[in-house]
């Protein structure tokens, strides 16, 4: 395996079997190895007490050509994460999708189904500097400037706002060229009359 891989365990004993599985899944990233500069995987058990089972968290921090891709598979409500191998596998599946998406966008390739704007959520806003970041679950965080928000709607955005966007590779990673707030669907008030 040619990927610079670092594996850590937190709040649990290191496992040779889990390490071997992580190395096997990281091996599937070899086709991107020429662009990957580091990959750090942390498997942990949250220190807070849980009622049932031991839920595992897996986070992966990968750096490739000036971009950072972070994946954090938290167990929140997902009891399938009582199996450390399921948690590790899901984290690597998410990482692979993000790497492929970033690689396609860097090469200027666009899939046919990507012609439609992608969906994301506003995660950071800096109103004084007129920029922010949206997060796409498949790509990660993407920078956007107030000028790229449709209908001069930057002031109406808030953390958690749902948006559609188009992005292109920039000097510091992906940059959204168009951001448009998704308006909630309003249903008319209807009254049911029984005869």
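Structure summary
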quantity: Leading residue by the ranking (farthest from residue 69 (Cα to Cα)) among those in the range 149-182 that are part of a loop (DSSP other than H, G, I, E, B) and modelled with pLDDT of 75 or more; calculated: 153
quantity: Condition broken by residue 125, with the remaining ones in (1) modelled with pLDDT under 80; (2) assigned to a strand (DSSP E or B) satisfied; calculated: (1)
quantity: The range 12-24 residues that are not assigned by TED's automatic domain parsing to the domain that holds residue 46, paired with ones that are surrounded by fewer than 12 Cβ atoms within 10 Å (Cβ to Cβ) and modelled with pLDDT of 95 or more (beta carbon under 6 Å, 6 or more apart); calculated: none
quantity: So residue 24, is it modelled with pLDDT under 70 and exposed (fewer than 14 other Cβ atoms within 10 Å of the Cβ); calculated: no
quantity: Conditions (1) part of a helix (DSSP H, G or I); (2) surrounded by 10 or more Cβ atoms within 10 Å (Cβ to Cβ); (3) at pLDDT 90 or above: number failed by residue 31; calculated: (3)
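The values are calculated or read from the model by the stated rules, or taken from the named source; none is laboratory data. Only a predicted model underlies this, so the values are computations on that prediction, with no experimental measurement involved. Every residue, glycine among them, receives a Cβ derived from its backbone with ideal geometry; neighbour counts consider all protein chains shown.
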